[in-house]
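Heads up, the thing below is written out as C-alpha cells.
None of the figures in this text is laboratory data; all of them are computed from the coordinates on show. Fair warning: this is a prediction, and the values are worked out from it, not measured in the lab. Quick reminder, even Gly has a Cβ in these numbers, built from the backbone with ideal geometry, and neighbours come from all protein chains shown.
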C-alpha cells in the first residue's frame, strides 16, 4: 500500500501491483484525515498507518482492513505537545515518535498496542529538544532515535536519544549533539 497526505486533510491510498508496480487508487469516504497533516508513516506490517495532525495537535491512527478499507480508530486521537512536524515508527513496530515544532520544541513517544495498533503515551513523554525539531528517525535496531533540528539558515543540530526497548522512554545521549549546516528537514530510516 502507498499512502499520500495533503495539508487540507484527505489521505489517498493506492494498492501497488507486485508484478508491474502500477498504482490502483482505493476510494471511499473513510480517507478523511485532519488538517495540516504534517507527516505519515505506516508500521512494517502495513496494517496501521499513522499521521501527525498538526493543527489539532494529535496523532491519528488508522487500521487497514482485510478488504483494503482504511478506518480511523474512533478514540485514536493521541494528543501531542503541539505543532506536529514529523513522525517515525521504530523498526520493531513497538513505538511511534513525533516531533513538535512551532514553539513546542518537544518530541512525543507512544507505544503501539500490538493487537489493534492504537497508541498509548509513553510515561515521561514530551521530551525536550532544541529549536524547531523537524525530522525524526530510528536506527535499524530501534535502539536509538535521532532528531534533526534547525533554525533556518543559521544551521542546526542532530540530537541522539537512546530508547528503552521495553517502555519506549527516551534518554538523551550525553554529548550526542552534532552540528549541521543549514536547516534540516526530511529524514529517512
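Here the calculated FRET efficiency for residue 20 and residue 67, from their Cβ-Cβ distance with R0 = 25 Å, stands at 0.65, rounded to the nearest 0.05.
Peptide packing: for 131-140, 88-97, the average count of neighbouring Cβ atoms within 10 Å per residue gives the ranking 88-97, 131-140, highest mean first. Every Cα-Cα pair in the range 90-148 was counted, and those over 17 Å apart are 40% of them. Between residue 165 and residue 92, the modelled label-to-label distance comes to 0.5 nm, taking each label 7 Å out from Cα in the direction of the beta carbon.
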